[in-house]
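The values are calculated or read from the model by the stated rules, or taken from the named source; none is laboratory data. Source: prediction; values computed, not measured. As a convention, Cβ positions derive from the backbone with ideal geometry for all residues, glycine included, and neighbour counts pool all protein chains shown. Calculation scope for accessible area: heavy atoms of the full protein, side chains included, ligands and nucleic acids excluded. Shrake-Rupley method; radii C 1.70, N 1.55, O 1.52, S 1.80 Å.
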Amino acid sequence: MLRIAVTGKPGVGKSTILARAVEKLDLKACGIRAAEMLVDDKRQGFSIEDIDTGRKGILSHVKCTGPKLGKYHVNLEDLDSIGAEAIRDALSCDFVVIDEVGPMELKSDNFVRVVEEVLDSDRPILAVLHRSSKHPLAQRIREEFEVLTVDEANRDDLPEIIAGRFR
């Protein structure tokens, strides 16, 4: 069973690599995608989307309530009702996409539990992993997955390399 995690500096293109790799595959990918929420070119937070249903919510925002992380507050309600549910539902798909396992997502015990369930399954997984998280779940992913570090030199080639491995 194939499991790949991409990691790297913020803004290097990890989420874009995941999306492009998934586009190249003729497989049903389910799970979550995160994206920046910009207002006047300033990041105000991150959205979270169920890849299968298209259902969207707010992962974190400067004006949310919830656990604080830097200038953002993590929206545990959407993280659990959209994020964790999408990952649990992904067990019925060809492979699971998790964008991302990072400090915001790790604020939810429910999210952590669901990702652990997926790791215990036989599903192939493609994930974005925060580069320096010491959380036990992040450590487990580092031990069990092939981890690819994204940089400016390899980011254009990685989607095809990853898609090729999943084919």
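Listing for the model above:
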item: Subset of the range 86-95 [over 17 Å from Ile4 (Cα atoms) and open to solvent by 50 Å² or more (accessible area, probe 1.4 Å)]; result: Arg88, Asp89, Ser92
item: Strands (runs of 3 or more DSSP E) enclosed by the range 8-85 - at least 1 residues per element that are in contact with a helix residue (DSSP H, G or I) (Cβ under 8 Å, 6 or more places away or on another chain), modelled with pLDDT of 95 or more and open to solvent by 50 Å² or more (accessible area, probe 1.4 Å); result: 29-39, 56-61
item: Filter result (assigned to a helix (DSSP H, G or I), in contact (Cβ under 8 Å) with a residue 60 or more places away in the chain and not hydroxyl-bearing (Ser, Thr, Tyr)) within the range 86-95; result: Ala90
item: Odd one out for Leu148 among (1) touching a helix residue (DSSP H, G or I) at 6+ places or on another chain (Cβ under 8 Å); (2) under 17 Å from Lys9 (Cα atoms); (3) open to solvent by 20 Å² or more (accessible area, probe 1.4 Å); (4) in a helix (DSSP H, G or I); result: (4)
item: Meets criteria (open to solvent by less than 20 Å² (accessible area, probe 1.4 Å) and not in a helix (DSSP H, G or I)) for Ile98; result: yes
item: Members of the range 115-141 found to be touching a strand residue (DSSP E or B) at 6+ places or on another chain (Cβ under 7 Å), surrounded by fewer than 19 Cβ atoms within 10 Å (Cβ to Cβ) and touching a residue at least 60 places away in the same chain (Cβ under 8 Å), listed by number; result: Pro124, Arg131
